[in-house]
Structures are given as C-alpha cells and as structure tokens.
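Below is one structure, written out as structure tokens, with a few remarks after it.
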Amino acid sequence: MTTSVLHIYPKNDSLIANYVNMLAGAMGQSVSSISADNLQEAKHYLKEHQPDIVHQHGLVEWAAQLKMGHSRRILTPHGQTVDGRNAYVVVARSDIEAEMLGDNPRVETLRNPLITKTIRPEEAADRMIRIYQKVMDSDVLSFLNDDSRHALSLLLKVALCGDPRWVGDEKLPADVQWRLLYIYTSHEGVSALLDRGLSLMGLQIPPHTTPVSYLPEGYQRPVARTKAGIADLVKEMKRQMQGGRLELMLLCDLHQALRRPSLIEERLLRELEDKKLTGLFASALQLLKEQMLLDEGFMPCPPADNRTTAQLRTSLTNHMKI
C-alpha cells in the first residue's frame, strides 16, 4: 500500500519549495505526495485525503492550527528553529545540524542534494522513503484491523494453553495483516507465541523479518516472568499501569500463572486482599478475557469492567506509542 504524504512549507520560501518538488518528483509513484504552502490548502488536503504523514519543512507558523487526526508528523527544519517535540522524527541536513537537534529523541540525517553534491536526488528520495516506512512501522497497534486483533487473541490462547482444542472449531479470520501483526508482537516480545500458536493449529508460519521501527523513549524489550507468583505479577501490572505503559507479555505471564495446577484459589485471593490488589486483579481478568480469551474456569473471582479496567486497556494501547 502506497504511503500518502502531505508536505507543508512556508509560503514564498523558494528554496524549500524547490526541495519539496525535487523530493516528490524523485520518489515518483512510490509515495503519493501532495503539498501546501498555506493553511486553507493544508486543511482541505487533510480532510479530503487523510494522509498517512504530514511532512513539515521549515518553520510553518500555521502548522499548529492543523487537526492532524491519524496523520503522523515528520519535521525537516532546513536550518530553521522549529519545535520537533511532537514529530515522529526530525530529519537533519547534516551531521552538524543533527548534533544541534540532539534534544529531539529521534533524529535522522539526510543531506539535501540541492545544496551538496554528496548525494543524488534519487538517493535522497530512497532514503526518505525508508524513513517514511519506518514511521509507518512504528506503534502499529492502531493500524490492526478487527480480524488481525482476533487472530492475535486466538493464537495467543492456543500457544498459552498448548492445544488448539481450547478454541474449539474456530478458525483464523480471513483478513489478517501478518506483517503488522509480527511488527507488533516482536516489540511486545511475544512473536514466538504467535509462531507457536500457528504451529499448534497446523498452519504455516508467514515469512517475517526483524522490524525497523521508531521506539518510545526508554523502551526495553519485555522479559518473561514465567516463575513469578500471581500476586507479584499483579503488583508489577499496577506499577506499569501507573507509568501509563502496560506490556502484553505481562498479560501472557499472568494467563499462564492462572493455569498452574498448583494454584490454590482461596489462598491467592487472601494474599491479594492482604496486598490490596483484589480490585486490580478483577480488572486484569477482564483484560485477559478480552486479549487472550481466558476461560471463566480459570478465574478465581469474577472479572470487573470498570475505570481501572479502562486504565489497563489504555496503558496496553500506549505501550508502544511514540
């Protein structure tokens, strides 16, 4: 699917206008490019085309008035002083400019072929296309359709239970976005579970590679806590929820812990009560039911769908947000 990009730049800045025209021409049909140098045009294009990316060039004083929607912002300062805090990535023209932009968490260097002979327009275009793709391969959870989300739930359940009979006769949906699914599960540390679920269901594992994505500041690859007790897992869930980012792997660990034959439910509930974790645990059960189809027979208490549950959902959604 072709990435669509709206380039915005200051009116009457011929140098930037020439760069945008050069870049769009060199990218050809690999990218669907439109451009605007005024607020009215930009608003129109955003509403009518809903581009994947808004690429801001230089200081665009009216840019803050745009309602970006789902569009992701990229910034090329062109030597101008521009706030890049809300950009997925800031693209510098040189190593020196990249150092000056060091306060921004994500900086790429791409030389401008209009001012240097060290790079050709085609090379610059290819490099920018890769940057665009990297942006679109970041925080992909929001791009997953319903079929892909349900496939993930089914495959995680099969993998965690170790037997496809736990999902009965249910089959995988038809429209699964495998590439995006593997990007998401790779960063969440559960792609091996996805493969295991497919193998147990007798299905072929789709080809996939290590994703190239922008990651949130402070991101650390999730580590399984397979030997942790349930109370400790719920306590860790509380810590992650308070930080606003919840790992999918932590839910998988809790799912597995609830299926341990040695679990004594009455003792667990007393321990959770003593540690004041009962309410959070009930909300976690609801999330496990939604995300990996946990059966009621493995729930020591009824699940709860309340404000805490909503906070858990939001924290899970936000885990990979830039």
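Here are a few things to note about the model shown:
- Spacing of the modelled spin labels on Q204 and I264, each 7 Å from Cα toward Cβ, amounts to 5.1 nm.
- Ranked by solvent-accessible area (1.4 Å probe, protein heavy atoms only, all chains present), the residues E97, E266, E290 order from largest to smallest as E266, E290, E97.
- Rg and Dmax [Cα atoms of region 163-322; Å; Rg one decimal, Dmax integer]: 16.3, 48
- Centroid-to-centroid separation of region 218-284 and region 146-214 [C-alpha atoms, Å]: 22
- Nitroxide proxy distance, nm - points 7 Å out along Cα→Cβ at K117 and A231: 7.4
- Calculated P(r) tail over 16 Å for region 19-122, as whole % of Cα pairs: 60
- Here the Gaussian network model covers the chain, with springs between Cα atoms less than 10 Å apart; of M22, M100, M128, M100 fluctuates the most.
- Restraint check, K235/K289; K47/K117; K238/K321; K157/K227; K67/K289, Cα-Cα greater than 30 Å: K47/K117; K67/K289
- For region 133-235, the relative contact order is 35 percent, taking Cα pairs closer than 8 Å that sit 6 or more residues apart in sequence and dividing their mean separation by the residue count.
- Among the GluC sites (Glu not before Pro) within region 1-66, those in coil by DSSP and having at most 15 neighbouring Cβ atoms inside 10 Å are E61.
- Alpha-carbon Debye profile of region 211-264, log10 I(q)/I(0) at 0.16 Å⁻¹: -0.53
- Averaging the sequence gap over all C-alpha pairs within less than 8 Å and six or more residues apart, then dividing by the number of residues, gives region 189-265 a relative contact order of 32 percent.
- Partner aspartates and glutamates whose Cα lies under 15 Å from the Cα of K171, excluding those fewer than 8 positions away in the same chain, are identified as D146, D147, D163.
- Surface accessible to a 1.4 Å probe, W166 within the full protein complex, Å²: 100
- Reduced Cα scattering model of region 67-117, Debye log10 I(q)/I(0), q = 0.17 Å⁻¹: -0.50
- Structural descriptor for the chain: relative contact order 13 percent, calculated from alpha carbon pairs under 8 angstrom and at least 6 residues apart.
- Spin-label pair Y219/A310, simplified geometry with 7 Å Cα→Cβ offset, distance in nm: 2.8
- Estimated translational D of region 1-62 in µm²/s (Stokes, Kirkwood radius over Cα pairs; 10 °C; 1.306 mPa s): 135
- Between the entries (i) 17.3; (ii) 27.6; (iii) 18.9, the label attached to mean projected area of the Cα convex hull in nm² calculated for this structure is (iii).
- Region 160-229: radius of gyration over Cα atoms, expressed as a fraction of 2.2 N^0.38 Å: 1.28
- Under 17 Å from the Cα of K275 - aspartates and glutamates, other chains or at least 8 residues apart: D232, E236, E265, E266
- Restricting the calculation to Cα atoms, every distinct pair contributes to the Kirkwood radius of region 74-165, found to be 16.1 Å.
- Based on protein heavy atoms only, region 59-174 ends up with 53 Å² per residue of surface accessible to a 1.4 Å probe.
- The sum of -39500 (n - 2.57) across all DSSP H runs of n ≥ 4, divided by the residue count of the chain, sets its helix-only mean residue ellipticity at 222 nm to -14000 deg cm²/dmol.
- The fraction of accessible area contributed by carbon and sulfur in the chain is 48 percent, rounded to a whole number (1.4 Å probe; ligands and nucleic acids excluded).
The values are calculated or read from the model by the stated rules, or taken from the named source; none is laboratory data. Just so it is clear, the structure is predicted and the values come from calculations on it, not from any experiment. Glycine also receives a Cβ, built like all others from the backbone with ideal geometry; neighbour counts cover every protein chain displayed. Note: areas computed on protein heavy atoms with side chains; ligands, DNA, RNA excluded. Shrake-Rupley method; radii C 1.70, N 1.55, O 1.52, S 1.80 Å.
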